[in-house]
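Visitor: Can you read through this structure? Questions will come right after.
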Amino acid sequence: MTTTQLRIGTRGSPLALAQTRQLRALLAAALGLEAETLPIEVIRTTGDMIQDRPLSESGGKGLFTKELDVALIEGRIDLAVHSSKDLPTHLPPQIAIAGYLPREDVRDAWIGRNGATLDALPKGAVVGTASLRRGAQVKRLRPDVSIVLLRGNVETRLRKVESGEVDGTLLALAGLKRLGLERHATAILPIEDFLPAAGQGAIAVTKRAGDARVRAALAAILDPATAAALAAERAFLTVLDGSCRTPIAAHAKLDGEEIEFHGMALRADGSAVYEARRRGPSMDAALIGDAAANEILLRLPNGVAGLT
């Protein structure tokens, strides 16, 4: 196969670069190449530049992918690496998800100042997060704490906890592991209390639609089990319009030939939670996620808008 100028695009954060180097190493090994022969192009996205307000007020998840999509469409890169939870539910028609690397741990980690757990925080403590889902899940368990916006890369957020700007925060355990920073986790949070974001823990690869060369190059390193799980989770998001504007969580996993799915929509203040569970053949993963979301929609008194 010709791999000349097989260029990889990524955001420039330490986590994005760590994920991209992981993919490049796997791809190079599969193709029998030296990793350095597959160039990485760092592309700054609109989402990286907005640090002073929630992304929901500025356009949602697509802010982390738009510039990478443009680079693909224009032919400046041949594939792009993303945290799956950052991918919008609707992609431009010229862009396709090639697949996913095997999924890491999906759980959230709690980082408390001076090692304080979430349960041990004093009344009125301040928890920082940029995630509506995490904020709602914290308020569900601790309605007495305050939630404030906390943006920035993983290292920045850890420093803000250490300095006392906030009393604690939540981060994806997968990201901490990929950066070698899991030692900073005060506690690993149980999935039943902190159901993860759709796609959490998975590295996604996008390409130009119809690009057979890139599809063939990636085939050996992509994981079908992760793809099935993400098909269910993304279908759930699509129905509920999950684009950073509503607190939505979803987790699917493969069990033999079947998919187990758990989805959740929360009111932003944590005062109401709507859940659905489904199980069915993995080949019907998207239908399973879709059905779970529609079950929740029927139970929402004011539709998705009532959750914000």
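The values are calculated or read from the model by the stated rules, or taken from the named source; none is laboratory data. From a predicted model like this one, the values you see are computed outputs, not experimental measurements. Note that each Cβ is placed from the backbone with ideal geometry, even for glycine, and that neighbours are counted across all protein chains shown. Note: areas computed on protein heavy atoms with side chains; ligands, DNA, RNA excluded. Shrake-Rupley method; radii C 1.70, N 1.55, O 1.52, S 1.80 Å.
Visitor: Cβ-Cβ under 7 Å, sequence separation 6+ or interchain: first residue in the stretch 17-46 and under 20 Å from A71 (Cβ atoms), partner open to solvent by 70 Å² or more (accessible area, probe 1.4 Å) and part of a helix (DSSP H, G or I). Which pairs?
Guide: Taking only residues 6 or more apart or on different chains, the pairs are T45/K66; T46/K66.
Visitor: Can D86 be described as open to solvent by less than 50 Å² (accessible area, probe 1.4 Å), acidic (D, E) and within 27 Å of H262 (Cα to Cα)?
Guide: When the stated conditions are applied, D86 passes them.
Visitor: Do you know which of the residues in the stretch 215-227 that are in a loop (DSSP other than H, G, I, E, B) and farther than 30 Å from A109 by Cα is most open to solvent (accessible area, probe 1.4 Å)?
Guide: If we take residues in the stretch 215-227 being in a loop (DSSP other than H, G, I, E, B) and farther than 30 Å from A109 by Cα, then A220 is most open to solvent (accessible area, probe 1.4 Å).
Visitor: State which residue pairs qualify: first residue more than 16 Å from Q22 (Cβ to Cβ) and inside the stretch 165-193, second residue polar (S, T, N, Q) and open to solvent by 20 Å² or more (accessible area, probe 1.4 Å) in any location, beta carbons under 8 Å apart, and separation of 6 or more residues or different chains.
Guide: As it stands, the answer is G168/T186; L170/S131; T186/T117; A187/T117, since those pairs meet every condition given.
Visitor: Six or more apart or on different chains, Cβ atoms under 8 Å: show the pairs whose first residue is in the stretch 282-304 and without any contact (Cβ under 8 Å) to a residue 40 or more places away in the chain and over 30 Å from A225 (Cβ atoms) and whose second is open to solvent by 40 Å² or more (accessible area, probe 1.4 Å) and not polar (S, T, N, Q).
Guide: G303/L297
Visitor: Still on this model: Can you tell me how many residues in the stretch 268-308 are part of a helix (DSSP H, G or I), closer than 26 Å to I147 by Cβ and touching a Lys or Arg at 6+ places or on another chain (Cβ under 9 Å)?
Guide: Our first condition is that a residue be part of a helix (DSSP H, G or I); within the stretch 268-308, this holds for 282-299, 304-307.
Imposing the further condition that a residue be closer than 26 Å to I147 by Cβ reduces the set to 293, 296-297, 299, 304-307.
Filter once more, so that each one left must be touching a Lys or Arg at 6+ places or on another chain (Cβ under 9 Å): 304, 306-307.
Looking only at that region, the number is 3.
Visitor: Separate question: Could you list, in sequence order, all residues of the stretch 126-144 that are crowded, with 17+ Cβ neighbours inside 10 Å, touching a Gly at 6+ places or on another chain (Cβ under 7 Å) and assigned to a loop (DSSP other than H, G, I, E, B)?
Guide: The one that is crowded, with 17+ Cβ neighbours inside 10 Å, touching a Gly at 6+ places or on another chain (Cβ under 7 Å) and assigned to a loop (DSSP other than H, G, I, E, B): T129.
Visitor: Still on this structure, I have one more. Taking the criterion of being in contact with a helix residue (DSSP H, G or I) (Cβ under 6 Å, 6 or more places away or on another chain) and within 30 Å of L72 (Cα to Cα), would at least one residue in the stretch 107-123 satisfy it?
Guide: The answer is no; no qualifying residue exists.
Visitor: When you check K253 against the structure, is it assigned to a strand (DSSP E or B) and either in contact (Cβ under 8 Å) with a residue 24 or more places away in the chain or open to solvent by less than 20 Å² (accessible area, probe 1.4 Å) (or both), yes or no?
Guide: Spelling it out, K253 is indeed assigned to a strand (DSSP E or B) and either in contact (Cβ under 8 Å) with a residue 24 or more places away in the chain or open to solvent by less than 20 Å² (accessible area, probe 1.4 Å) (or both).
Visitor: From A265, A212, A185, which residue is surrounded by fewer than 18 Cβ atoms within 10 Å (Cβ to Cβ) and over 14 Å from R103 (Cβ atoms)?
Guide: Just a single option satisfies the conditions, and that option is A212.
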